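**Q** Please see the structure below; I have some questions.
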Protein chains: 2
Amino acid sequence: MTVRLADLGKTVLETEYAVRGPIVARAAELEKQGREVIYCNIGNPQSLGQKALTWNRQILALCEYPELMERAPGAFPADVVEAAKAILAGTKHGMGAYSESRGVRSIREAVAEFILERDHIGVDPDAIFLTDGASKGVQTILRLLISGPQDGIMVPIPQYPLYSASITLFEGRMVPYFLDEANGWKLSRPMLEASLVQAKAGGTRVKAICVINPGNPTGAVLDEANIAMIIGFAKAHGLSILADEVYQENIYLPGDAFVSFAKVLHQVEAKDVSLFSFHSCSKGFLGECGVRGGYFEYRNVPDDVAAQILKLQSVNLCANLPGQTAAYAMVRPPKPGMPSYPQYAAEKGAILDTLRQRAILLAEGLNRIEGITCNVIAGAMYAFPSITLPPGRTDFDYALALLEQTGICVVPGSGFGQAEGTAHFRTTILPPTEKIQQVVKDLAEFHRNYR
Amino acid sequence: MTVRLADLGKTVLETEYAVRGPIVARAAELEKQGREVIYCNIGNPQSLGQKALTWNRQILALCEYPELMERAPGAFPADVVEAAKAILAGTKHGMGAYSESRGVRSIREAVAEFILERDHIGVDPDAIFLTDGASKGVQTILRLLISGPQDGIMVPIPQYPLYSASITLFEGRMVPYFLDEANGWKLSRPMLEASLVQAKAGGTRVKAICVINPGNPTGAVLDEANIAMIIGFAKAHGLSILADEVYQENIYLPGDAFVSFAKVLHQVEAKDVSLFSFHSCSKGFLGECGVRGGYFEYRNVPDDVAAQILKLQSVNLCANLPGQTAAYAMVRPPKPGMPSYPQYAAEKGAILDTLRQRAILLAEGLNRIEGITCNVIAGAMYAFPSITLPPGRTDFDYALALLEQTGICVVPGSGFGQAEGTAHFRTTILPPTEKIQQVVKDLAEFHRNYR
């Protein structure tokens, strides 16, 4: 008798991950049949033509095959050679050995300096773990915090489904809190309190709150006051904070700036709030999704709990070394005056400029369509427009019909969560500008006919 | 209030992973103090001087930075360029984009051809998943199979602690079955039946049996008859099989050969036994632990269960692309007549020759010590010698004292499991030959005094 579906647990069966769900499977089928598909379902920049930064790839190539320093001495600028040598001195055994469980110490020190420079706050390199993308870090911390089926984790609605999927897998309870669509998807203290009260009434022991800033799928960028409010809320109720800050470089509006939870936590001197912050090589202007690199950093975590994090990470041995190397390249970019700087600055600037243009183009284009409303895309790489649907139709029906008729692949809002009675979809801003224009045009026509 | 140890769940608290446990932490402390430590605790070949294969690294460097084809045309042999081009054609977007959840299709096709060539059996590329090392694949399948706290997974004693740790994390029950130390650590049907009877008596619903071949930590290599016996046992009791075959290239005795579970499953036509087989880039002669590459392949799994595997893998997006690339380099080595072949064959041969020498040297050396008995090391990269201890001492005490007095870092047998009343330690065969000689000499002296 083989394994049967009936033998599997509800933990597995109930896990959902819409970003790669049935709509995407159908898109792959259509593509196989020769249809053109515009993949707007996933934040995968290089699959839509974004180029990798030369700085990053030159360092990776040299670290993979250091003999190139002799075999092709003219192929690499001096600062790349120096960076590769620094990384290899830190790993001691090149790219081919497991590092210690937290990741290569000298790379964690580089991350600590990056945070120090960004936030002007001290960082303990041993409170930094290099991870296979931010996802793995988030899962480690959720696994740590969920101690039983009564434990709840507050998650924004709409959210990125890594959170719901992982909480389901770890058999905890997802405690939804709503983001205020009418107020640019900001968080409001009354909405947080309401969510907590409801969870407690249901017997849930709420352990932590997850915040995604800049927001996925919302595109909102939180300001210092909003972050201080969230820290105050966490403090008042004894919650840990998971701050998903993977889009910290994706800020598009003049005057906006990324503010980290770590910085505000330090400012408000909240020494009794545990904070876990996540960053990634996959987003920003690097867009190196394939390398699976990232890190998390924690604050106000007692030593005995920190030892448990180290143990959990040890079972996974360590993050992949090319990913650790890419994390180094991310936090130690070339500085003005270094040979690689002009190219680096040009490549970075061009990517962020086009993302900014596309964010404006897409939001404005969507808002011109009757029956679609989209908040300004201030950050991250997505729009989450509200759509009006004919009676009896769901956002899933809508996304499927959109795919079948236009080849545009988006994810139904229900995969991220949405207020009852509303419907949305998530689309990325990543397709090349001319494709974004086509998306807007085709969507307008589709939406008109669908109603 | 910060997160406290008392808030964590027993799932997390009870998880243990001895390979990176307290002994190793102490070793790192001693090293910081300037002591020389010989790390024999973990199968991490390149950390002990094993060189990466040029074939693998040249392909990785080119895939990371394809411009090198123009910038350094003389630095790469033609077959490396061709392999890199084939990989890049398959990934479509280089190394920087998420691939589909199973991994790049063309790389999975290369894996399928490798299995076909090795076993002369057909393989469905869609039943292959590329993973971040074999560990991640094992965890996916254990997560799939454990449906509740009554579910049990049969695990060899001694075992590799990834199994016990993952089963604890997924809240299942570990069902130990003993390997027969007196019979070269082989599996015996009566011992398997005894284990199953005992588990059932305790109310455990046994779902699967894990087999590690070649054995970690035992060094045993199973023959066809032993594998057929295990398949017969699984068939009789409706169990799935997890075949951990990451050491399939590490076979040292003349006349021995690796036989895969997939091949024997095909021969005995056991269509009603689900099989999950695991392989890795981290072991064998590649030894690329840092790249975190590997794959699993399944057979006799119904479509609806396969869909659940795909869903679980989707939450993790995909394995890292350099790891996927290394898997390609592993399953598509250069063939005789190709420009890279002579160097590849020389490097591979030298690594396997020294491992063979060290396996013999270590086992013979250990057996010369009174109070230590070691089975022949037929495969893998470890010895698991039996030791006699003074009354009142544990194998943990022994390993700690060994470390403190000699700088030799091994893992206590209790971290892998052992029959009651016996004591062991696990050591790798990986240190350079002269260090192995020193290990044997220092161990002999230590053991004499410790008794």
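**Q** Return yes or no: is residue A:130 within 8 Å of chain B (Cβ to nearest Cβ) and in contact (Cβ under 8 Å) with a residue 60 or more places away in the chain?
**A** Here the answer is no, as residue A:130 does not meet what is asked.
**Q** Considering only the range B:98-127, state which residues are assigned to a loop (DSSP other than H, G, I, E, B), of a type in the set (D, E, K, R) and modelled with pLDDT of 95 or more.
**A** Let us first name the residues in the range B:98-127 that are assigned to a loop (DSSP other than H, G, I, E, B), namely B:98-104, B:120-124.
After this cut, where a residue has to be of a type in the set (D, E, K, R) as well, the list is B:100, B:102, B:124.
Scanning the range B:98-127 gives B:102, B:124.
**Q** Inside the range B:146-156, can you point out the residues that are within 12 Å of chain A (Cβ to nearest Cβ) and crowded, with 24+ Cβ neighbours inside 10 Å?
**A** B:146
**Q** Same structure again: Report yes if residue A:184 is on the phi > 0 side of the Ramachandran plot and either open to solvent by less than 10 Å² (accessible area, probe 1.4 Å) or modelled with pLDDT of 95 or more (or both), otherwise no.
**A** The answer is no for residue A:184.
**Q** Looking only at the range A:296-327, how many residues end up being open to solvent by less than 10 Å² (accessible area, probe 1.4 Å), more than 7 Å from every other protein chain (Cβ to nearest Cβ) and not hydrophobic (A, V, I, L, M, F, W, C)?
**A** Of the residues in the range A:296-327, 3 are open to solvent by less than 10 Å² (accessible area, probe 1.4 Å), more than 7 Å from every other protein chain (Cβ to nearest Cβ) and not hydrophobic (A, V, I, L, M, F, W, C).
**Q** Of the residues in the range A:90-122, how many are more than 19 Å from the chain's Cα centre (by Cα) and open to solvent by less than 30 Å² (accessible area, probe 1.4 Å)?
**A** Looking only at that region, the number is 17.
**Q** Check the range B:23-34 and report whether any residue there is surrounded by fewer than 23 Cβ atoms within 10 Å (Cβ to Cβ), within 8 Å of chain A (Cβ to nearest Cβ) and either touching a helix residue (DSSP H, G or I) at 6+ places or on another chain (Cβ under 8 Å) or hydrophobic (A, V, I, L, M, F, W, C) (or both).
**A** yes
**Q** Please work out which one of (1) at the interface with chain A (Cβ under 7 Å from one of its Cβ atoms); (2) not in a helix (DSSP H, G or I) is the condition residue B:50 fails and give its number.
**A** Among (1) at the interface with chain A (Cβ under 7 Å from one of its Cβ atoms); (2) not in a helix (DSSP H, G or I), residue B:50 violates only (1).
**Q** For the range A:293-411, please list each of the helices (runs of 4 or more DSSP H) lying entirely inside it that holds at least 3 residues being over 24 Å from the mean Cα position of the chain (by Cα).
**A** Hits in the range A:293-411: A:303-315, A:341-367, A:395-406.
**Q** In this structure, does residue A:170 turn out to be surrounded by fewer than 20 Cβ atoms within 10 Å (Cβ to Cβ), among the hydrophobic types (A, V, I, L, M, F, W, C) and under 21 Å from the mean Cα position of the chain (by Cα)?
**A** No.
**Q** Looking at the range B:337-347, is at least one residue touching a residue at least 12 places away in the same chain (Cβ under 8 Å), under 20 Å from residue B:437 (Cα atoms) and open to solvent by less than 30 Å² (accessible area, probe 1.4 Å)?
**A** No, there is no match, as no residue in the range B:337-347 is touching a residue at least 12 places away in the same chain (Cβ under 8 Å), under 20 Å from residue B:437 (Cα atoms) and open to solvent by less than 30 Å² (accessible area, probe 1.4 Å).
**Q** Hey, another quick one. For the range A:65-72, does any single residue satisfy the condition of being surrounded by 19 or more Cβ atoms within 10 Å (Cβ to Cβ) and either more than 9 Å from chain B (Cβ to nearest Cβ) or within 30 Å of residue B:240 (Cα to Cα) (or both)?
**A** No, that holds for no residue.
**Q** Something else: Restricting attention to the range B:385-424, report how many residues are surrounded by fewer than 17 Cβ atoms within 10 Å (Cβ to Cβ), hydroxyl-bearing (Ser, Thr, Tyr) and out of contact with any strand residue (DSSP E or B) (no Cβ under 7 Å at 6 or more places or on another chain).
**A** 2
**Q** Quick check on my filter: what residues within the range A:431-451 are assigned to a helix (DSSP H, G or I), over 16 Å from residue A:50 (Cβ atoms) and open to solvent by 40 Å² or more (accessible area, probe 1.4 Å)?
**A** A:437, A:438, A:441, A:445, A:448, A:449
**Q** Is one or more of the residues making up the range B:47-55 open to solvent by less than 10 Å² (accessible area, probe 1.4 Å) and touching a Cys at 6+ places or on another chain (Cβ under 9 Å)?
**A** Looking for residues that are open to solvent by less than 10 Å² (accessible area, probe 1.4 Å) and touching a Cys at 6+ places or on another chain (Cβ under 9 Å), one finds none in the range B:47-55, hence no.
**Q** Run down B:337, B:371, B:323, B:349 and say which single residue is of a type outside the set (Ser, Thr, Tyr) and modelled with pLDDT under 95. Step through it out loud before you land on a result.
**A** Details: B:337 fails: modelled with pLDDT under 95; B:323 fails: modelled with pLDDT under 95; B:349 fails: modelled with pLDDT under 95.
After ruling out the rest, the residue left standing is B:371.
**Q** Pairs only if they're at least six apart or on different chains, beta carbon under 9 angstrom, first in the range B:214-237 and closer than 18 Å to residue B:300 by Cα, second part of a loop (DSSP other than H, G, I, E, B) and of a type in the set (Asp, Glu); list them, first residue then second.
**A** Every condition considered, the pairs that remain are B:235/B:272.
**Q** Can you find even one residue in the range B:75-90 that is more than 10 Å from every other protein chain (Cβ to nearest Cβ), at pLDDT 95 or above, part of a helix (DSSP H, G or I) and in contact with a strand residue (DSSP E or B) (Cβ under 8 Å, 6 or more places away or on another chain)?
**A** No, the range B:75-90 contains no residue that is more than 10 Å from every other protein chain (Cβ to nearest Cβ), at pLDDT 95 or above, part of a helix (DSSP H, G or I) and in contact with a strand residue (DSSP E or B) (Cβ under 8 Å, 6 or more places away or on another chain).
**Q** Across the range B:38-71, which residue is farthest from residue B:21 (Cα to Cα) among those that are of a type in the set (Val, Ile, Thr) and over 19 Å from the mean Cα position of the chain (by Cα)?
**A** Going through the qualifying residues, I end up with B:59.
**Q** Residues that are in contact with a helix residue (DSSP H, G or I) (Cβ under 9 Å, 6 or more places away or on another chain) and closer than 22 Å to residue A:27 by Cα: does the range B:111-118 have at least one?
**A** no
**Q** Inspect all residues belonging to the range B:7-17 and state whether any of them is aliphatic (A, V, I, L, M) and more than 8 Å from chain A (Cβ to nearest Cβ).
**A** No, the conditions are met nowhere in the range B:7-17.
**Q** Within 30 Å of residue A:364 (Cα to Cα), open to solvent by 10 Å² or more (accessible area, probe 1.4 Å) and among the hydroxyl-bearing types (Ser, Thr, Tyr): does that describe residue A:177?
**A** So residue A:177 fails the test.
**Q** Could you grab the pairs with beta carbons closer than 8 Å, sequence gap of 6+ or different chains, first residue in the range A:184-208 and over 19 Å from residue A:242 (Cβ atoms), second one part of a loop (DSSP other than H, G, I, E, B) and open to solvent by 60 Å² or more (accessible area, probe 1.4 Å)?
**A** If the second residue must be part of a loop (DSSP other than H, G, I, E, B) and open to solvent by 60 Å² or more (accessible area, probe 1.4 Å), the pairs left are A:184/A:376; A:203/A:150.
**Q** So, of the residues in the range A:246-281 that are within 12 Å of chain B (Cβ to nearest Cβ) and touching a strand residue (DSSP E or B) at 6+ places or on another chain (Cβ under 7 Å), which turns out to be nearest to residue A:48 (Cα to Cα)?
**A** A:281
**Q** Among the residues of the range A:242-283, how many are out of contact with any Asp or Glu (no Cβ under 7 Å at 6 or more places or on another chain) and part of a loop (DSSP other than H, G, I, E, B)?
**A** 21
**Q** From the list B:100, B:29, which one is acidic (Asp, Glu), over 14 Å from residue B:322 (Cα atoms) and in contact (Cβ under 8 Å) with a residue 24 or more places away in the chain?
**A** Sole residue among the options that is acidic (Asp, Glu), over 14 Å from residue B:322 (Cα atoms) and in contact (Cβ under 8 Å) with a residue 24 or more places away in the chain: B:100.
**Q** Being under 14 Å from the mean Cα position of the chain (by Cα), crowded, with 23+ Cβ neighbours inside 10 Å and aliphatic (A, V, I, L, M) is true for just one of A:265, A:242. Which residue is that? It would help to see each step written out before you state the result.
**A** On the way: A:265 fails: under 14 Å from the mean Cα position of the chain (by Cα).
Step by step, each of A:265, A:242 is checked, and only A:242 is under 14 Å from the mean Cα position of the chain (by Cα), crowded, with 23+ Cβ neighbours inside 10 Å and aliphatic (A, V, I, L, M).
**Q** Still on this structure: Only one of these conditions is not met by residue A:61: (1) surrounded by fewer than 24 Cβ atoms within 10 Å (Cβ to Cβ); (2) assigned to a helix (DSSP H, G or I); (3) at the interface with chain B (Cβ under 8 Å from one of its Cβ atoms). Which number is it?
**A** Every listed condition holds for residue A:61 apart from (1).
The values are calculated or read from the model by the stated rules, or taken from the named source; none is laboratory data. None of these values were measured; they are calculated from a predicted model. All Cβ positions, even for glycine, are placed from backbone atoms using ideal geometry, and neighbour counts span all protein chains on display. For the accessible areas, the whole protein counts, side chains as well, though only heavy atoms, and no ligand, DNA or RNA atoms are used. Shrake-Rupley method; radii C 1.70, N 1.55, O 1.52, S 1.80 Å.
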